[in-house]
Every structure is written in C-alpha cells, then in structure tokens.
Amino acid sequence: MSIPQGEQQRRISALVQMQRTHFKSGLTRSAAWRREKLETVIRMVEENREAMHRGLELDLRRNRTDSDLIDVEYTVREARYALRNLDQWMKPEHEPLSPVWQPGKVRIRRDPFGVALVIGAWNEPYMLTLGPAIAALAAGNTVVIKPSEVAPNSAEVLAELVARYFHPSELAVETGGVDVAEELLEQNWDFIFFTGSPRVGRIIYAGATRNLTPCVLELGGKNPTIVHSSADIKVAARRIAFGRFMNAGQVCTSPDYVLVLPEVKDQLIHELGEAIREFYGADPQASPDFGRIVNKANFKRLQAYLGDGTVVHGGYTDEDDLYIAPTIITEPDLDSALMNEEIFGPILPIIEIGSIEEAIGWVNARPAPLGLYVFTGEMEIAEEILTRTDSGDACVNDATVQPMIHELPFGGTGNSGFGKYHGRHGFETFTNARGVFYHSTRVDPAVKYPPYAKRKAQRAILTKLL
Ligand code: NAD
C-alpha cells in the first residue's frame, strides 16, 4: 500500500526534527551513550542472525559463509572494533604549538555533525547501512538509514530490527523506493552518506548542495586487475575467482576485468577455470555457494554482455532461476557495453596487454576505479603501478577483500566517489575536526596590537616567527 505523499513528507520531517532535538539535547555526545548504541548494534545482530541470513538468502541466494564475511558478522566485527577503540578516538589530538602563540596549547576535538542520512545499495544490504551507521553512532550522531528497495527482504529485516532495538530519535530506518529517497533528500541533514552508482551519486551530491551538507559518496566503477608474468598464477587465479564470483559478482570491489601479459594468459585462463570448478563443482547452478542475480533487469543486462566477446568458460544462463554461470570472456569488444559499463555480475573479461607500461596507460585513460589489483612477484612492479595510477583502494596479490580490513580507509576517488570510512576513518568522517586554541592570559605583549608603526622592528621579528 503506498502512503500519500503529504503524509510521508510530514512523517519524515517529524522524524528528522525528533532526531535533531535529541542531538541538540547533548546526550549523544557522551562516551556512555555511544558505547551503549554500539553494544545495542552488536546485540541486535547477534540475537537475530537467522532473520538476517534469511533476508540475504531470499534476496540473493547468498550462502551463510559469504553473508557473514561481508554482511552479518562483518557488522558485529566493525562495531566491536569501534567499541575497543572509542576512548582513543574520542581523545582530543595534540599538536606542537609555534613559539609565537605561546604560552598556550592547541587541541583538535572530534565533534559529531548531528543528524546523518545513510542511503545504501542492495548488494551488501547490512554492511552498507549498518557499517556507516556504526561509524556515525560512534562519532555521536543520530542516524536515519534508507536501505535499497532492490533487496526488499533484507531491507524489511533491517527496518524491523532497528525499530525493535532503537528509539527512532537515535537510529531509524525508512524503507521504500526512489520516492522515499527523494523525500529524504529534501530534508535538512547535517551529513549524508551515500553508497550506490555514480549516476545516483550525482543526484545526491546536487541535493546536498542545497543546504551545504557535507557528504560521502561511495560509488562503483570498473576495477582493473593486472596480472604480471612474475605472479604466482595459481594463487592469483584463485583469489581473482573468489573475488569475482562471490555474491555472483555483485560486489563493488570485484575485479571487473583482467589485463594479463601474453606469457601467462593461457595459464591464467586455465587456472581460473580450475578455481571455478574447485569452488563451485562441475555445475555451479547446483552449488550451495554460488549466488543468484538480484532481479530480472540485472539478469537481462548481464545476459546481453555475453555476446560482447568470446566465452571460454561458463556462459550458461537460466532466467527462471536468475542464474548466470561463472563466465570468462576473452577478446572482448573494447567499444561494447561489457567493457564500458560496470559489470556487477559473474562475468570476467580477460584482455591481453603488451607490457606493464601499457597497463598503466590503460588504467590512466579511464575513470579512477574504486579498487585496483596487481598480481606480481616483484614488489617494484607493484609500487610502479601504484605510484603512477589512481584508485580508491588497492591490493597487491589479492582482490575484493580490502573493505573487510577494519584498519584500512575504504572509499573511492574521482568517478568512484569521495570520502573514506571503516574503523577510525569512519569515526573521523562523521566528525568535525574542530581546532581549538587555548591561549594563556599571563602575557599579552603590546607588539601584537596597533598602532603598528610604533614598533616596526619588533613586528618584523614577530612576522618572521608566524
Ligand atoms: P543505485 O545508485 O541505483 O541505488 C542506491 C540507492 O540510491 C538506493 O537506496 C536507491 O533507492 C537510492 N536512489 C535511487 N535513485 C535515487 C534518486 N533519484 N534519488 C535519491 N536516491 C535514489 O545503486 P545500486 O544499484 O543499489 O547499487 C549498485 C551500485 O553501487 C554499483 O555501482 C556499485 O559499484 C555501487 N556500490 C558501491 C559500493 C562502495 O562501497 N563504494 C558498495 C556497493 C555498491
């Protein structure tokens, strides 16, 4: 049943107002409040694992192990990490102070922004909503989450659980489609955290400018994966296959395509085929570990890519089951949709590249990706590639997994977005680094003040010291 627009608007405005009143009360700034909210997130997930897994199974036919890795247990680990480090993060930072400002001291406070909006994508429906919410709560903000309507079962589970464990003045979930997202964007937020496509990212950014709201855009793109002849090809193939075919390829950090040197191309293709057979058996459709495409529209989009090159592994599709086999494509048409849109599915094009120099040129000729992966046994080659290219994050001899490492900042650059989170980086993102100068009143030399002409020589010394 759809809710009349006026009513929806009033309800959402009232929710934001309620959260702002709560934030302004000052309660959310205390360490005790933040700790309690993080503990509540952990308890909520731990007491409702089954419901959360069921949501993922219904939306994506995701297996439990992967669901824990990137959604359910992931959120528990992220909240625990924040809890463990909260006291340290909340301490004001010290910096040395130049003699001219002495006697005094400087401190950098990390103060919360206020009321935050988190809009998530569907492929990791808990990680991309509770993950930013954990950072926002640890930082002392209140949060409204808008999960994606494309994973409706997980979105419903999240809404039901959050309503049961939290008061809406501190953490609330608004489910619904684009109309709800647009309505939310109309509100006056203190921070907006968006995960999704570069296309919608532009709409969010435009909306944020209305009230000069700071925001983070976690977007996608085509993640290049470079395989050098010095790499351990068997290990490279297994890690690339794992990273590409987990969640049926619907992971923002998945390798989108491989650039491989000619000497090891055939071996890599062979080992990728072996890895697929080892992970998912002779018939991946029967494997409990291989997922499904989220909906018909995405299935059709992916199915059309299969004609954009030569299928050397997989290629089988079953529309009724939303199944696309783990597929390897060689000689892709470089002007095709396969090579110009983010694939976001279980299809991996392999492109032969003449040299590392050529690979660097290839990456630099395209929009900056979210992830860049280099497989090599020679660290100088990895460093050369990293130094001369851009990407949000990168792995050397691995792929896809960097967001699972709480110590690393995660986020894009250029077309893959801006702003970082996870662990301390999330805490910093959701706080204003407020510089404070504490000045002693013990001394107050007249040289600082007009009339300047009277103390020219002393002022010249002062200016040099500044
Ligand atoms: P999407 O941009 O279509 O939707 C994301 C969210 O935006 C949804 O909640 C949706 O309801 C909302 N939305 C859609 N239209 C809107 C509008 N006009 N105004 C306001 N909100 C609107 O993305 P998606 O299909 O859910 O996710 C896939 C994309 O997300 C891929 O590009 C993928 O790479 C990217 N992604 C990025 C990350 C990351 O961490 N960087 C993680 C996962 C997915």
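Read-outs: derived from the displayed coordinates by stated rules, not from any lab. This is a predicted model, so every value here is computed, not measured. Heads up, the Cβs are rebuilt from the backbone with ideal geometry, glycines too, and the neighbour counts pull from every protein chain shown.
Across the stretch 101-110, rounded Karplus estimates of 3J(HN,Hα) from the backbone phi angles (6.51 cos²θ - 1.76 cosθ + 1.60, θ = phi - 60°) give 8, 6, x, x, 7, 10, 9, 10, 8, 10 Hz, Gly and Pro being marked x.
Could you calculate, for the stretch 224-408, the ratio of the Cα radius of gyration to the Kirkwood radius, expressed as Rg to Rh?
With Rh from the inverse mean 1/r over Cα pairs, Rg/Rh is 0.94.
Going from the fewest other Cβ atoms within 10 Å to the most, the residues Y74, Y452, Y373 appear in the order Y452, Y74, Y373.
Qualifying chymotrypsin sites (Phe, Trp or Tyr not before Pro) in the stretch 260-361, where qualification requires a DSSP coil assignment and no more than 16 other C-beta atoms within 10 Å, comprise Y316. Taking θ as phi - 60° and the Karplus parameters 6.51, -1.76 and 1.60, the scalar couplings of the stretch 159-176 work out to 4, 5, 5, 4, 5, 7, 9, 10, 7, x, 6, 10, 9, 9, 10, 10, 8, x Hz in sequence order, x denoting glycine and proline. Compared with the dominant principal axis of the Cα atoms in the chain, helix 262-280 is inclined by about 90°. For the chain, the longest principal axis of the alpha carbon atoms and the long axis of helix 31-46 meet at an angle near 10°.
About its Cα centre, what dipole magnitude does the chain give when the only charges are +1 on Lys and Arg Cβ and -1 on Asp and Glu Cβ, stated in debye to the nearest 20? Each step should come with its number before you reach the end.
Details: 50 positive and 61 negative charges, 742 e Å.
Dipole size: approximately 3560 debye.
Of the residues W189, W362, the one with the fewest other Cβ atoms within 10 Å heads the list, and the complete ranking is W362, W189. Per the Kirkwood formula applied to alpha carbons, the stretch 72-158 shows a radius of gyration over Rh ratio, Rg over Rh, of 1.18. For K146, a cut-off of 25 angstrom between C-alpha atoms picks up these lysines, skipping any fewer than 8 places away in its own chain: K24, K37, K296, K420. Compared with the dominant Cα axis of the chain, that is its longest principal axis, helix 233-245 is turned about 80°. Given R0 = 41 Å, the distance between the Cβ atoms of I405 and Q17 translates into a calculated FRET efficiency of 0.60.
For I233, I70, what ranking results if the residue with the fewest other Cβ atoms within 10 Å of its Cβ goes first?
Numbers: I233 22, I70 25.
Neighbour counts put them in this order, fewest first: I233, I70.
Calculate I(q)/I(0) for the chain by the Debye formula, one identical point scatterer on each C-alpha and no solvent, and give its log10 at q = 0.07, 0.09, 0.10 Å⁻¹ to two decimals. The Cα Debye sum returns log10 ratios of -0.42, -0.66, -0.78.
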